[in-house]
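Before any comments, here is the structure.
The values are calculated or read from the model by the stated rules, or taken from the named source; none is laboratory data. All of these numbers come straight from a predicted model, not from anything done at the bench. Cβ placement follows ideal geometry from the backbone for every residue including glycine, while neighbour counts extend to all protein chains displayed.
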Amino acid sequence: MASLSACGQEYLQSTINPVTDYGEATHRLYVQVFWWTMLILAVVWALLAFILIRFREKPGQGRPKPVHGHMGLEIAWTLLPALIVVAIVIPTIQAVFQIQRPPEGDVLVVEVTGKRYWWSFHFPELGVTTANELHLPVGRPVSLRLESGDVIHSFWVPQIGGKRDVNPVVMVPEGREPKRNWMHFTIKEEGVFWGQCAEFCGEAHSLMGIRVVAQSEEEFQAWVDDWKTPAPTAAAPQVEESGGPGTPTSVSGSTSAGGGSPAQQDSPAGMAPPEDPLVARGRDVFFRESYCVLCHAIEGTPAAGIIGPNLTRFGGRTTLAAGMLPNTEENLIAWITDPRGVKPGAQMPGAQYTVTYEGQTFPPLNLNDEQIRALAAYLSSMR
Amino acid sequence: MSEATTAAKANSSVHEDAVGLWSWITTVDHKRIGIMYFLTSFFFLFVGGFEALLIRIQLMRPENAFISAETYNQMFTMHGTTMVFLVAMPMAVAFFNYLVPLQIGARDVAFPRLNALSYWIFLFGGLYLNSSFLFGAAPNTSWVGYANLTSLQFTPGRNVEFWIIGLSILGVSSILGGVNFITTIINLRAPGMKLMRMPLFSWMTLVTSFLLITALPVIAVALIILGFDRFFGANFFEVTAGGDPILWQHLFWLFGHPEVYILILPAFGIISDVIPTFSKKPLFGYPVVVYAGILIGFIGWGVWSHHMFTVGLGPIADSFFVASTMIIAIPTGIKIFNWLATMWGGALRFPTPMLFAVGLVAVFTVGGLSGVMHASAPVDLQQHDSYFVVAHFHYVLVGGALMGLFSGVYFWFPKVTGRMMNETIGKWHFWTTLIGFNLTFFPMHFSGLFGMPRRTWTYLAELNLETWNQLSTVGAFIFGAASLLLMWNLFYSWRKGEKASANPWGAATLEWSLPSPPRHYNFPALPTVRSREPLWDDTERQEVEAVTHAEPAEEPHMPSPSFWPVVLAFGVALTWILLMTHTWWMPLLGLALVAVAVFGWAFQPAYR
C-alpha cells in the first residue's frame, strides 16, 4: 500500500534518482564517468564502422602495404586514454573520501543489524528498535552503523545511495574498537524508498527487503513517541506494566465474556474503546499458548526476545516478511501458518514444522487456525 | 610385446594415426588432447547454457516460482562455476594444446604425459562437480562462495563440499597445464622462432600460463583452509572464534582477478592472429600488443579489491584500487587500437572467423567501458552486485572470451579436421549469436540501474523490472538456439565439409605450413623461421614448406602412449573425493592408487 505513495517514480529501486547528498555525490560522478565512456565508445565504434566499410577487399586488389607499426600513434593512444583516466580518477578519489567522512552536527545514529532474512533498526539515543521499515527524518544527517548477526549482507536502498556491506563483527584485541561499516547521508525529500539485501546470503536472499520511510521531523517524532507509548492493545488492559506474563489469561476471559460495554470499566486511564475479544484471545496466544516471546519483543509488555524482529506497533507497518507482502491480516495468517511456504528459507518456525536456526532447533509453533487468526488480529491491532 | 609387433606399431605410426577408443584414452598427442579438451568443454558449455536458460525462465516474471529458491541458487552457482572452470578455461586450454606446438614448431608439448594427466583430472573434476546434482546437493553459495555463508553453520549439507573438492581437483589440472605450456614455449621453439617472432596466440598462452601457475595456488589455499574449517573444525572464517570472513574475499579475488585475464587473454591472442590474416596485413604494433598483454598480466595482480569496494576497506585502499584498475584499462585500450590499426588500410575479407573477431572488438569494448564505470568506487557502490555488473562481465566474458574462442573454432577447424566449416551456417551462427547475446545482456544494464540485485531468485512486481527481464529471457533463447547452430555446423562440417588445403585462409604463421590435418608427429623435421610471418614471404615459405611437407627421413622420435595418466588422474580425483566420507583413512585409498600409478608411470619408458 505505502509502496504506492512513492508514485510518480516508475522504478522504486532506481539508482539514478537519488534523494540524499550521498546518493547525489555518487550520481554526479556516475554521470561524468558515463559521458567519458560514451565518448570513447563513440570513437572506437565510429573508427570500426569506417574501417569495415572503407577497407573491404576490392576485386583484383593486391596485398596491401605491410605496415608494422607507428611509434607516434602508439604513444598517442597510450597518452590520450591515460589523460582521460586521470580526469576520472581525480573526482573519483575526491568522492571516495567525501562519502566516507562522518557528518557533523546533530547526527541521528541508527544501528542496523542484518540477519537472515530481515533487518533490525535500533536508535540508541531514542531507545527505539524496529524491523524492516526504517523511519528517518528529512534534513537531519543520519549515520547508519552496519553489523551482521550472521553472514555477510549488504544494505542497499538505491535512492538513498550506494550499497555498503553488512559484515559480522570480527573480534579485536581488547581496547580496540571493533570494525563496523558506516553509511552517512541526509535525506532531502519525503517518501518511501525501497531497497533490499545486495549480498547473497542464502535461500531467501532475494526477499530480504528494506523500506526507508522518510518523514518530516514532526512526523518522525510522532512515530518515535508512538513507539514509546505501548499500543492500547499491546498488553492486557488492566494490567500495569509490572504485570508478569502470567496474568493475562484471566483478562482475556473477562473481556470476551463481557462483549461490548464492560470494557469501559477496565480502562482507568481512559484509553480504551471496548476491546475486540479476538485481539484479547490473540494476546493470550502470543504470551501463553506458543513461544513467540522467545524471539520477539513488544514494547510495554514482558515480551523481550531479540532473535526475531521487534514487533512493537507491528500493525503500523506497511509490509511484513521484510518488505515482501502488504501487511494485511490475511497475509499475516498465511505467514504465521507457513513462513517457508510464503518465503522459502525463512527462519521462523511454522505452525506445524520445526526450523533449525543457527544450529538450534526450534519446535513448531503448534497453533491451530483459530489461534493463528486471533494472533494475527492481536498483532495487527497494535498500530 | 614381441619385437615384431613393436616394429609394426612403430611403422604404422609414421603413416597413419592409431585408431580406436583405447588409442584416445592412452594418447599423449597434444592434438588429440586438444580435441578432447574442446569436446568436453563444449559439452559443459551446453550444461552451463541449460542452467542459464532455467535462470532466465525463472526471472521472466516477477514473483515466479518456476524453480524453487534452493534450485535457483544451485543453478546460478553451477552456471558460474561451470562457465568459468569447465568451459572458458578448458576451451582455451584446448587451443593451447592443439596450436602452441604447431605455432612454435615443436613435435609435442614438453611433458606429453603430464598433458594427458591434466586433461583426465579436468574431466574427472568436472564430472564429479556435476554429479552433485544426482544427490540434490549442487553447490549453492555462488561461484565466489563468500565466507562465512559457506560455513557448516550457515550452509549445512554437502553442497559446499562438492564445490571445495571439485574446484580443488580442477585447480590441480590447471596448474599442471600452466607448467607444461611455459616449459614448452620457453624450450621447444623451432630454430629462428625467437620469442618476438611468436604468433600472438602463443604469446598470450605464455602469459596466461604464468597466470595459471601463480593464481590457481591462491584459490587452492583458500579452498583448503575453507575445507579445514568445514572438515576439521578450524576457524579461519569463523567470526565467533576470531576468524575473519573478509579474508576469503581477499584470497578469492586475488585469484579471481588474474582469472579474468586467464579467460580473456587467450581470446585476445586468437583474434590477434585472425585479424591480420583477414586484413592481409601484419599485426600493427606487434611488440606493443605483446607488452600490453604482459602488462595486463602483471597489473591484473594489483586490482583485486575493486571487487570489494562495498566491503569497507577504507578510503585509502579504495583509492589505490581505483587507480590501479583505471590503469589496466590503458593496455586493454592499446590492444583495441592496434587491432583497428591492423585493419586500417587492409584488404578486409569477412568469413566467419573474422566476423567473430570484429564482433569481439565491437562488443568487448562495451564491457571494457562499463568496467571503467565501476572502477570508479563510489559509482560501483550502486552497480556492484547488481545486474549492471552481470551485464558488464557477460560482455567481457561472452562478448570477449567466448566470441574469441568461436572465432578460433572457425579459424582453425580446417587445420584440425582437414575440412572447412560451412560458411552459410557460420554466418547464421554469428548473426544470431550477436543478436541473442546483445538482447540478453544489454537490458541487464537497465535492470541493474533500476535496482535489481544479482543472485536473486525473484523480484517483486512493484519494482517494474519485468520488461527488462523478459527481453533478456527472449535473448537468451535466441542465443541458445544460435549455439545449437554451432553444434550442427561442427558436426556437419566434420562429416561433409569442403576439403581444406594446408593454408585455406592465406595465413602467415607456421601451423598453416603443415598439411590439414597435421600428421601425428607435426613436423617431419624442424623448419627454420626467419620472420614473424614466415608464410607471407615467398622464399621463406618455400623453404619452410620444403621441410614441413616432406616425408620424415626416419621414424620421428615420439612419446609412446600410456594409460598411466588416466589412472593417476583417477587416483588424484579419488583422493579428494574420498574426503567426502569424513573418515580420515578413506583418502589414503586414493593415495594408494596415486602411488601405484606414479610407480607405473615412472617405470614405463617414455619413448619407444
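Here are some notes:
- Residue count, the stretch A:1-60 (criterion: exposed (fewer than 13 other Cβ atoms within 10 Å of the Cβ), assigned by TED's automatic domain parsing to the domain that holds residue A:78 and at pLDDT below 95): 6
- Residues (part of a loop (DSSP other than H, G, I, E, B) and within 30 Å of residue B:160 (Cβ to Cβ)) located in the stretch A:184-238: A:198, A:199, A:200, A:201, A:202, A:203, A:204, A:208
- Residue within the stretch B:191-205 that is surrounded by 23 or more Cβ atoms within 10 Å (Cβ to Cβ), under 22 Å from residue B:580 (Cβ atoms) and either modelled with pLDDT of 95 or more or of a type in the set (S, T, N, Q) (or both) present: no
- When residues of the stretch A:41-73 are limited to those that are of a type in the set (Gly, Ala, Ser) and in a loop (DSSP other than H, G, I, E, B), the one farthest from the other protein chains (Cβ to nearest Cβ): A:60
- Residue A:76 being outside any loop (DSSP other than H, G, I, E, B), in the same structural domain as residue A:25 (by TED's automatic domain parsing), without any contact (Cβ under 8 Å) to a residue 24 or more places away in the chain and among the small types (Gly, Ala, Ser): yes
- Yes/no for residue B:86 being away from chain A (no Cβ under 14 Å) and surrounded by fewer than 24 Cβ atoms within 10 Å (Cβ to Cβ): no
- Residues that are outside any helix (DSSP H, G or I) and of a type in the set (A, V, I, L, M, F, W, C) were ranked within the stretch B:173-190; the one that is surrounded by the most Cβ atoms within 10 Å (Cβ to Cβ) is B:190.
- Checklist (1) farther than 28 Å from residue B:439 by Cα; (2) surrounded by 24 or more Cβ atoms within 10 Å (Cβ to Cβ) applied to residue B:327, failing item: (2)
- Pairs with Cβ under 9 Å, 6+ apart, first in the stretch B:291-309 and closer than 19 Å to residue A:165 by Cβ, second aliphatic (A, V, I, L, M) and part of a loop (DSSP other than H, G, I, E, B): B:305/B:311; B:305/B:313; B:307/B:144
- With a requirement of 1 or more residues that are within 7 Å of another protein chain (Cβ to nearest Cβ) and within 21 Å of the chain's Cα centre (by Cα), the helices (runs of 4 or more DSSP H) lying completely within the stretch B:348-405 that satisfy it span B:352-375.
- Single residue of A:308, A:244, A:300 found to be at pLDDT below 50 and either outside any helix (DSSP H, G or I) or buried (at least 18 other Cβ atoms within 10 Å of the Cβ) (or both): A:244
- Considering residues of the stretch B:36-80 that are in a helix (DSSP H, G or I) and among the small types (Gly, Ala, Ser) only, the residue farthest from the other protein chains (Cβ to nearest Cβ): B:41
- Only listed residue being more than 14 Å from every other protein chain (Cβ to nearest Cβ), surrounded by fewer than 23 Cβ atoms within 10 Å (Cβ to Cβ) and assigned to a strand (DSSP E or B), chosen from A:120, A:143: A:120
- Leading residue by the ranking (farthest from residue B:282 (Cα to Cα)) among those in the stretch A:81-109 that are free of Cβ contacts under 8 Å to residues at least 24 places away in the same chain and within 9 Å of another protein chain (Cβ to nearest Cβ): A:97
- Across the stretch A:224-236, the number of residues qualifying as surrounded by fewer than 20 Cβ atoms within 10 Å (Cβ to Cβ) and either touching a residue at least 24 places away in the same chain (Cβ under 8 Å) or touching a Ser or Thr at 6+ places or on another chain (Cβ under 9 Å) (or both) comes to 6.
- Residue B:421 away from every other protein chain (no Cβ under 11 Å), within 23 Å of the chain's Cα centre (by Cα), in a helix (DSSP H, G or I) and in contact (Cβ under 8 Å) with a residue 60 or more places away in the chain: no
- Restricting attention to the stretch A:172-199, the residues that are of a type in the set (A, V, I, L, M) and within 26 Å of residue A:347 (Cα to Cα) total 1.
- Of the residues in the stretch B:250-272, not one is crowded, with 24+ Cβ neighbours inside 10 Å, of a type outside the set (S, T, N, Q) and within 12 Å of chain A (Cβ to nearest Cβ).
- Only one entry in B:581, B:575, B:528, B:539 is surrounded by fewer than 18 Cβ atoms within 10 Å (Cβ to Cβ), at pLDDT 90 or above, β-branched (Val, Ile, Thr) and within 30 Å of residue B:167 (Cβ to Cβ), namely B:581.
- Single unsatisfied condition, residue B:398 versus (1) touching a Gly at 6+ places or on another chain (Cβ under 7 Å); (2) closer than 20 Å to residue B:85 by Cβ: (1)
- Complete set of residues in the stretch B:329-347 that are outside any loop (DSSP other than H, G, I, E, B), at the interface with another protein chain (Cβ under 7 Å from one of its Cβ atoms) and among the aromatic types (Phe, Trp, Tyr): B:337
- Beta carbons closer than 7 Å, at least 6 apart along the sequence or on distinct chains, pair a first residue in the stretch A:26-40 that is at the interface with chain B (Cβ under 8 Å from one of its Cβ atoms) and in contact (Cβ under 8 Å) with a residue 60 or more places away in the chain with a second that is of a type in the set (Gly, Ala, Ser) and surrounded by 15 or more Cβ atoms within 10 Å (Cβ to Cβ) for A:26/A:95; A:26/A:161; A:26/A:162; A:29/A:95; A:29/B:376.
- Test for residue B:284: is it assigned to a loop (DSSP other than H, G, I, E, B) and more than 8 Å from chain A (Cβ to nearest Cβ): no
- Failed item in (1) surrounded by fewer than 22 Cβ atoms within 10 Å (Cβ to Cβ); (2) more than 7 Å from chain B (Cβ to nearest Cβ); (3) aliphatic (A, V, I, L, M); (4) closer than 29 Å to residue B:145 by Cα, with residue A:213 passing the rest: (4)
- Check on residue B:326, within 30 Å of residue A:195 (Cβ to Cβ) and either assigned to a helix (DSSP H, G or I) or in contact with an Asp or Glu (Cβ under 8 Å, 6 or more places away or on another chain) (or both): yes
- Selection within the stretch B:535-566: residues that are outside any loop (DSSP other than H, G, I, E, B) and within 14 Å of chain A (Cβ to nearest Cβ). The member of this set that is farthest from residue B:193 (Cα to Cα) is B:538.
- For the stretch B:208-249, residues that are assigned to a loop (DSSP other than H, G, I, E, B) and away from chain A (no Cβ under 14 Å) total 1.
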